[in-house]
1. Taking the range 17-53, which residues are surrounded by fewer than 15 Cβ atoms within 10 Å (Cβ to Cβ), of a type in the set (Gly, Ala, Ser) and in a helix (DSSP H, G or I)?
2. Determine if the range 102-111 includes at least one residue that is at pLDDT 70 or above, in a loop (DSSP other than H, G, I, E, B) and within 22 Å of the chain's Cα centre (by Cα).
3. Quick check, is ILE76 surrounded by 10 or more Cβ atoms within 10 Å (Cβ to Cβ), modelled with pLDDT of 75 or more and of a type in the set (Val, Ile, Thr)?
4. Assuming LYS7 fulfils every condition listed in (1) loosely packed, with under 13 Cβ neighbours inside 10 Å; (2) on the phi < 0 side of the Ramachandran plot; (3) at pLDDT 85 or above apart from one, which condition is it?
Amino acid sequence: METMYNKYAQDYELNVDREEVLKKMCKTSLKMDESLDAGDITAYKNLATVFDQLRKSGKFTEAQNKEDRQQVLSSIGELVALCEQEGGIIEKLPQFDPDQYPQDKIDFTLRDLQSYTYSLVSNELGLGDLIESYIEKLEKAEEDSVDINAGLITSAEEAASEQLTDEEAEE
């Protein structure tokens with residue numbers, strides 16, 4: 001009985017209520033062994049049911065133990081308590097250059113946008129020429145005081161009047 005108590009006390013954090021449940025579990029376990037030795041299967045089954053209920057109510061099952069371990073720290077006090085309990089210094093993760101080793105989705109997105117912009121500017125052969133020709137047209141238009149946007153559609157009414165009818169499209 002004492003061995004069982006010590007094993008559970010090591011594996012689980014005990015408060016007053018949990019300790020009482022553990023004591024009753026130990027006593028029930030002892031009675032279960034006695035009923036098995038006496039050959040009283042009915043009493044053993046009843047005690048086994050009580051034992052399982054005590055384990056579940058005291059949260060001494062492995063599934064409940066895993067749930068307790070997976071809790072997220074929600075305050076600085078819990079973090080400090082964890083550090084004091086575990087002891088030692090929390091190791092610092094190695095710092096990587098986010099351009100070479102992206103850490104999350106934002107880093108991946110930034111890297112992709114930078115590479116896209118670089119390839120667009122450096123590899124798109126006609127882009128530089130288009131920009132230069134547009135700048136020349138702007139300068140020439142300012143000299144001649146001509147509206148460079150004259151051929152562009154600027155309103156919804158102009159867009160509607162510019163649309164082709166079905167017959168015109170077929171022709």
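The values are calculated or read from the model by the stated rules, or taken from the named source; none is laboratory data. Every value quoted in this text rests on a predicted model; they were computed, and no experiment measured them. Neighbour counts are summed over all protein chains in view; Cβ atoms, including those assigned to glycine, are modelled from backbone coordinates with ideal geometry.
1. Hit for the range 17-53 is ALA38, nothing else.
2. Yes, the conditions are met somewhere in the range 102-111.
3. Answer is no for this residue.
4. (3) is the only condition that LYS7 fails.
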